[in-house]
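Colleague: What follows is a single structure, and I will ask about it in a moment.
The values are calculated or read from the model by the stated rules, or taken from the named source; none is laboratory data. The structure displayed is predicted, hence computed values, not measured ones. Reconstructed Cβ throughout: ideal geometry from the backbone, glycine too, with neighbour counts over all protein chains shown. Surface areas here come from the heavy atoms of the whole protein model, side chains and all, with no ligands, DNA or RNA. Shrake-Rupley method; radii C 1.70, N 1.55, O 1.52, S 1.80 Å.
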Amino acid sequence: AFGIPQLSTGDILRAAIRARTPMGLEAEAVMDRGDLVSDEVVNGIVSERLDQEDARKGFILDGYPRTIPQAEALDQMLVEKGMALDAVVEITADADTLTRRIVNRAKENAGAGARADDNEDVIRNRLAVYREQTAPLVEHYRQKGLLRTVDGMAPVEQVAAAISKAVGA
Ligand code: AMP
């Protein structure tokens with residue numbers, strides 16, 4: 001709708017793993033466990049990506065920031081680039097539903113590039129990591145007046161419409 005790129009740190013890291021780059025090789029075991037890659041590495045990814053031409057008129061960050069230090073690093077990057085966040089979208093869903101959806105995604109992608117971290121044990125850790133390291137960002141961005149919460153339990157079309165509305169698309 002906005003004609004701006006979607007920048008997913010997870011996608012960039014998975015591409016680095018496929019390409020067997022040093023960064024990919026370092027991140028692979030961490031990602032397979034469902035832990036977070038270091039702030040330093042992901043901040044570096046985002047900083048480089050935001051410098052590319054197609055991000056100059058705006059961008060959607062997907063899966064970043066995931067820790068308070070990442071949010072602080074992002075603020076610094078945006079100040080340097082003379083940009084600011086318009087909105088932060090939180091999509092909520094309960095843990096059982098998320099687990100079911102991810103297990104289904106793994107089945108749908110079986111064979112054709114299913115994610116190594118899409119299995120029940122790793123999902124449990126990803127949810128714990130979210131609660132410990134990422135959930136504090138909700139309050140952080142609420143205080144800045146940027147938080148928009150969308151009910152992710154609704155059907156896909158409704159969730160999509162609610163996100164569009166939240167970002168004024
Ligand atoms: P995602 O595709 O967003 O689900 O991310 C998959 C995995 O990549 C995560 O479980 C982390 O191991 C890693 N990752 C992606 N984004 C970040 C981030 N912002 N900070 C740390 N690790 C990340």
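Colleague: Would you mind computing, in nm to one decimal, how far apart the modelled labels at VAL30 and LEU127 are, each placed 7 Å from Cα along Cα→Cβ?
Modeller: So the two model labels end up 2.4 nm from each other.
Colleague: Next question, about the same structure. In debye, nearest 20: dipole of the chain around its Cα centre with unit charges on the Cβ of K, R (+) and D, E (-)? Spell out each step's value before the answer.
Modeller: On the way: 21 positive and 28 negative charges, 76 e Å.
Dipole about the Cα centre, nearest 20: 360 debye.
Colleague: Calculate the translational D of the range 1-118 in whole µm² s⁻¹ from Stokes-Einstein, where the hydrodynamic radius comes from the Kirkwood formula applied to all Cα pairs, the temperature is 37 °C and the viscosity 0.692 mPa s.
Modeller: Details: Rh = 15.9 Å.
The estimated diffusion coefficient comes to 207 µm²/s.
Colleague: Summing +1 for each Lys or Arg and -1 for each Asp or Glu, what net charge is found among the other residues whose Cβ lies under 15 Å from the Cβ of VAL103?
Modeller: Values: positive: ARG100, ARG101, ARG105, LYS107, ARG115, ARG124, ARG126; negative: ASP94, ASP96, GLU108, ASP117, ASP118, GLU120, ASP121.
So the surrounding residues net to 0.
Colleague: Can I ask one more? Taking a probe of 1.4 Å, how large is the accessible area per residue of the chain, in Å²? Could the numbers behind the result be given before it?
Modeller: On the way: 10340 Å² over 169 residues.
Averaged over the residues of the chain, the accessible area is 61 Å².
Colleague: Find how much the distance from ILE68 to ARG56 grows on full extension, using 0.36 nm per residue of separation minus their present alpha carbon separation; answer in nm with one decimal.
Modeller: Computed gain between ILE68 and ARG56 is 1.9 nm.
Colleague: In straight Cα distance, which lysines are under 24 Å from LYS144, not counting same-chain residues fewer than 8 positions off?
Modeller: LYS57, LYS81, LYS165
Colleague: Turning to a different aspect of this structure: I need the trypsin sites (Lys or Arg not before Pro) found in the range 1-85, filtered to DSSP loop residues with at most 13 other beta carbons within 10 Å of theirs.
Modeller: Values: sites: ARG14, ARG18, ARG20, ARG33, ARG49, ARG56, LYS57, ARG66, LYS81; in loops: ARG20, ARG56, LYS57, ARG66.
The qualifying sites are ARG20, ARG56, LYS57.
Colleague: To the nearest 10 square angstrom, how much accessible area does ASP35 have with a 1.4 angstrom probe?
Modeller: It works out to around 60 Å².
Colleague: Explain nothing, just the number: dipole magnitude of the range 47-103 about its Cα centre with +1 on each Lys and Arg Cβ and -1 on each Asp and Glu Cβ, in debye rounded to the nearest 20.
Modeller: Working: 7 positive and 12 negative charges, 32 e Å.
Here the size comes out at about 160 debye.
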